[in-house]
Amino acid sequence: MRRGPNQRAAPDPKNILEGLTTALVVLDDDLLVTYLNLAAQDLFGLSARQAVGQPLRKLIRPSDELVALCERALASRLIFGLRELSAWVAGRELSLDCRAAPLEPDGGLVLELNDTERDRTIRREAELLAQQKVSRRIIRQLAHEVKNPLGGLRGAAQLLERQLTGSELTSYTRVIIDEADRLAGLVDNVLQAGGTRHPEELNLHRVTEHVASLIEAEKPAGVEVLRDYDPSAPPVDVDRNQLIQAFLNLARNALQAVSEHGRIVFRTRVLPNITIAGVHHRLVVSAEVEDNGPGIAEELKETVFYPLVTGKPTGTGIGLTIAQDLVSGNGGLIEFTSRPGCTVFRIRVPAINRRATASEAG
């Protein structure tokens, strides 16, 4: 049948499978791989050419429980599932939700694999983004509310200072003026944090190394600064100055956490198959700061990115809020893990997708 001028061709089922974030593997009756989608290729760390023909037992270890599940599905022609299977895949220990469904009428089955840790990470990212939106609104409202009375306070102190010419009391008015200026500068920094982006293609090591050199100059003699960079890191498209400010906030927090003696590690890693703000990225570059300080208190972990939340007696509680705002504006996200002796903050930003760029050019 010929299609009319306004009729579209039906989508290719293979293209639909390739776009799924769930890993799908098609196996024959001998449990040999006959097809796997892009998400499964990322999961196993293999291309389709490398994986096709491989036995399931070779891809997942230990595999006895999963193989038994598939054999049961083949024998009964029914669907079977398995939750939170602990297994090693491509050198990583994962927790997988598995579902085996027979294929009719040609035989074989389709195996669906969901990385439960990845699902938890996506939920956590959604929570962080929701926090960030609330924090941005709160802190900017607060900044405007603070800035207006600061001008009046400074002006009154200046008038009083003129009336007290030659008096020792002018030292107190000078304190008021200086503190008002300091707070006004802090408010300006908050209001300008999400300013206009000027993105450029760069290697994220230009950011990490710049910040590492600043921390080297600021640190006490008893603090050790180490670097652990992934030389294969692809370029990213970000505002260099905004990323430097965000990474510097994280690094100075680490420096304060270790105090006079400790260790700070600047690290970069390339991560495959990561979702940020609901968008799936084949490659993400992670810039990390690790310190061996006391860690973040449990009661602060859920709110650490909110404004005015701090575990430091002299902290303002806005450094992490501003950093998250800057990174989010560049399409990324800050995450962290913390326990006594090991706190790691990670700035994750998408790598430039050369494949997409080439297809757009074509």
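Restricted to segment 201-236, and to residues there that are among the β-branched types (Val, Ile, Thr) and in contact with a Phe, Trp or Tyr (Cβ under 9 Å, 6 or more places away or on another chain), the residue that is surrounded by the fewest Cβ atoms within 10 Å (Cβ to Cβ) is Val225. The number of residues in segment 58-81 that are surrounded by 15 or more Cβ atoms within 10 Å (Cβ to Cβ) and not small (Gly, Ala, Ser) comes to 9.
Inspect all residues belonging to segment 210-219 and state whether any of them is under 14 Å from Leu243 (Cβ atoms), modelled with pLDDT of 85 or more and among the acidic types (Asp, Glu). No, segment 210-219 contains no residue that is under 14 Å from Leu243 (Cβ atoms), modelled with pLDDT of 85 or more and among the acidic types (Asp, Glu). Restricting to segment 281-302, count the residues that are surrounded by fewer than 18 Cβ atoms within 10 Å (Cβ to Cβ), in contact (Cβ under 8 Å) with a residue 12 or more places away in the chain and not in a loop (DSSP other than H, G, I, E, B). Final tally of qualifying residues: 2. For segment 239-270, taking the residues that are touching a Ser or Thr at 6+ places or on another chain (Cβ under 7 Å) and not in a helix (DSSP H, G or I), the one that is modelled with the lowest pLDDT is identified as Val270.
The values are calculated or read from the model by the stated rules, or taken from the named source; none is laboratory data. Only a predicted model underlies this, so the values are computations on that prediction, with no experimental measurement involved. Note that each Cβ is placed from the backbone with ideal geometry, even for glycine, and that neighbours are counted across all protein chains shown.
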